[in-house]
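*Asks:* One structure is given below, represented as structure tokens, and several questions about it will come after.
FYI, it's all coordinate maths here, none of it is from the lab. None of these values were measured; they are calculated from a predicted model. Here the Cβ is made from the backbone with ideal geometry for all residues, glycine too, and neighbour counts use every protein chain on show.
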């Protein structure tokens, strides 16, 4: 019951802020509203959001959208989109079209969004820079704010670094966190893993390997140094294939990649010319085995 009350109160607060925008407000009052909206997330029905007709990007990878949609069904949308309010129940997308499309594919009725008003560019930038100086932000919140400054205020990594008093490499490292799988982002947000763990995982391109190492971090309580070493071990070039071994076909390779993404483990698919084969799913502990069994039972 408490959860419902809290959500209702938050919704009322956002509605009150938005209703203030319908009236002519003195500059100081408008600045106060923009400052509040800059870090307040509203839940907006996807049917009320229209895509910006001037969006330059037209083509989206359908397979990548499906993968993101499947992830959203489990984890929800972690990084809010940004919209501009047009009227009482109409919003126009500013940034996050890929997230919006995937949310619709996933069947999400409402998604989190930051709401902007027209001609608030300068005030928004000041409000976001001010928010980023808070001490209680987790790394994902910082990363999202950096991305907003780049997307909505048209800043480069170098410009952003100057605005927030950070090196360009620091800005780039934070932005890279948003490319990690949702479950890793959530663990970083919950402080289950550290920025050092996330940075080591970010250096790995294969999502399946990222998730495999991530699961070892959680199950074994690996330190940052252990994680970095494990990441290096995974990335070391392997020797030549043994005599008689056979490279799997592209279609089988795609199946193997899909299995790796599903299980979050370095699954290996072995096949023969006659169509026979086996699927090998490694696990690192009893806890990891139980995690794999839970995944199988859900299907």
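*Asks:* Just want to confirm a number: the relative contact order over the stretch 52-196, from Cα pairs under 8 angstrom separated by 6+ residues, in percent. Please report the intermediate quantities before stating the final value.
*Replies:* Values: 141 pairs, mean separation 29.4, N = 145.
20 percent.
*Asks:* Would you kindly state how much longer the chain becomes between residue 270 and residue 295 on full extension, computed as 0.36 nm times their sequence separation minus their alpha carbon distance, in nm to one decimal?
*Replies:* Taking 0.36 nm per residue and subtracting the Cα distance, the gain is 6.8 nm.
*Asks:* Suppose the chain between residue 190 and residue 32 were pulled fully straight at 0.36 nm per residue; how much longer would it get relative to their current alpha carbon spacing?
*Replies:* Details: separation 158, 0.36 × 158 = 56.88 nm, distance 2.96 nm.
Result: 53.9 nm gained on full extension.
*Asks:* So, one more: With the Cα gyration tensor of the stretch 93-210 giving a ≥ b ≥ c as the square roots of its eigenvalues, does the rule (a/c under 1.5 for rounded; else a/b larger than b/c for prolate; else oblate) give rounded, prolate or oblate?
*Replies:* The shape class here is oblate.
*Asks:* Based on other C-beta atoms within 10 Å, arrange 266, 191 from fewest to most.
*Replies:* Sorted ascending by nearby Cβ count, the order is 191, 266.
*Asks:* Provide the gained length on full extension for the span residue 43 to residue 70, in nm with one decimal, where the gain is 0.36 nm per separating residue minus the Cα-Cα distance.
*Replies:* Contour length minus Cα-Cα distance gives 7.7 nm.
*Asks:* Same structure, new question: At a 10 Å Cβ-Cβ cut-off, how would you order 100, 175, fewest neighbours first?
*Replies:* 175, 100
*Asks:* Let's test the formula: R0 of 30 Å, r as the Cβ-Cβ distance of residue 51 and residue 168. What FRET efficiency results, to the nearest 0.05?
*Replies:* Working from the Cβ atoms, E equals 0.40.
*Asks:* Next question, about the same structure. Which of rounded, prolate or oblate describes the stretch 191-235 when judged by the alpha-carbon gyration tensor and an a/c cut-off of 1.5?
*Replies:* Rounded.
*Asks:* Quick one: if you stick a label point 7 Å off each Cα along the C-beta vector at residue 92 and residue 224, how many nm between them?
*Replies:* About 4.4 nm separates the two model spin labels.
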